[in-house]
Amino acid sequence: MSATSSPSTPSVILVGVDFGLPHFDRELEELGLLAQTAGYSVVERVSCKRRAPDAALFVGSGKADEIKMLAQSTGASEVLFDQSLSPAQQRNLERHMGLPVNDRTLLILEIFAQRARSHEGKLQVELARLQYLSTRLVRRWSHLERQSGGIGMRGGPGETQIELDRRMIGEAIKRTKERLEKVKKQRATQRRQRDRREAFNISLVGYTNAGKSSLFNALVKAKAYAADQLFATLDTTTRQLYLGEAGRSVSLSDTVGFIRDLPHGLVDAFAATLQEAADADLLLHVVDASNPTHPEQMASVQAVLAEIGAQHVPQLLVFNKLDVMEPATVPHVLRDQMELDGQSTPRIYVSAQTGEGLPALRAFLAECLLAQAAPGGEILPGLYPALENPLA
Ligand SMILES: Nc1nc2c(ncn2[C@@H]2O[C@H](COP(=O)(O)OP(=O)(O)OP(=O)(O)O)[C@@H](O)[C@H]2O)c(=O)[nH]1
Ligand SMILES: [Mg+2]
């Protein structure tokens, strides 16, 4: 199955290597969605089974030849690997195929770069890209070495150039960090001002595409950008949400989505944005209950939460997309508890799209608010009565 694409959209071949881990197909599907989000048109998907990656080419040389021929017959202009390639593997593959070869990490960085809107977001992505680039310098170096003897180079060509590159990137990293530090300070001041107002802060967190922005919009009747693409949201948006049952407002924040193996540079770079989640009084962990890989997605989210120091913030699991769940998996009770990292965690089923379950969600949030206001109150109320699903 090959498709033609317009000359403006670069066409790519996706490559996934099946090392025998579960959900391989789903992961390749996610790579396809990432590629589309980044503006590529996918002309072919190639998968192969291996016990371990080939040190030089990641796939075997036969497979590399096959991909090369496929690229020629489909006119693909780039090859994208689902797994992280070492700088040497990337370079070897590019030489072997005569095409740019990239991996999932770079794709995610590219999407973040396209999406970043705020000053802070742009700085964060820039920092992550520079850090990624600094690990790939080997490749640029060998490329520059081939052109050695170039103009105005001091001393030995290759060595000097890599030193120059390193220094320039090092300086750029330092400058970007300083600028970010300034923005972070401003944000901390804003947060302190918010704290003084004694607001109750709730953050929506979850795997990318789970429906956080849709839920945010449905709850506060706002118009945050929600779309069927990965990382539609990069900047945190905060709105007041009035809870009639509690007679007061809370502040609700929509945040950047998480993904499996989020590039490390990005976790670091987005630490300031994600800090919002670590400082929240309550996290609404939004899960796409219609996605069969949601348990793995939840585990990825838990891992990132731990990394940013938000593992102790009380959570409410919001199982979203109730309207498109497989009929056999539609629950009989819409409110229950589930074990999450050894903790019994309250869970509620909703559909941000149809609005089902939202009144119960608001009521739950009001309960949390009242419970917290009570003397010595815990934020999460204890066991609450199960809610039967009239449709199941
Ligand atoms: N059927 C159905 N689709 C939903 C529901 N909630 C969200 N969606 C769809 O899921 C897709 C992703 O929704 P978003 O709200 O953008 O998801 P997000 O978690 O904010 O995603 P990122 O910002 O990209 O991390 C969109 O196409 C939504 O229309 C739901 O309850 N039911
Ligand atoms: Mg969003």
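Structure notes:
- Taking the DSSP beta bridges with both ends in segment 11-104, the antiparallel portion is around 5 percent.
- 5 angstrom amide H check on V42, placed H, neighbours 5+ away: V12
- Straight-line reach from K49: taking Cα to Cα under 19 Å and skipping same-chain neighbours fewer than 8 places apart, the lysines in range are K63, K68.
- Qualifying lysines (Cα of each under 16 Å from Cα of K212; at least 8 residues distant if same chain): K221, K223, K321
- For segment 65-108 and segment 41-62, distance of Cα centres in Å: 9
- For K177, a cut-off of 14 angstrom between C-alpha atoms picks up these aspartates and glutamates, skipping any fewer than 8 places away in its own chain: E120, E126, D268.
- Built amide H within the under 5 Å cut-off of V59, gap 5+: D54
- For M298, the shell of other residues with beta-carbons less than 13 Å away shows a net charge of -2, using +1 for Lys and Arg and -1 for Asp and Glu.
- Label point at Q353 placed 7 Å out along Cα→Cβ; residues across segment 298-323 whose backbone nitrogen lies under 18 Å: 318-323
- Segment A199-R95, extension gain: residue separation times 0.36 nm, minus the distance between their alpha carbons: 31.8 nm
- Local net charge near A172, Cβ-Cβ under 12 Å (Lys/Arg +1, Asp/Glu -1): +3
- Residue-count net charge about I308 - beta-carbon cut-off 11 Å; Lys, Arg +1, Asp, Glu -1: -4
- Whether segment 199-388 is rounded, prolate or oblate, judged on the alpha carbon gyration tensor where a/c under 1.5 counts as rounded: rounded
Every number in this text was worked out from the coordinates using simple rules, so none of it is lab data. None of the values given here were measured: they were computed from a predicted structure. Don't worry about glycine lacking a Cβ; one is built from the backbone with ideal geometry, like all the others, and counts go over all protein chains shown.
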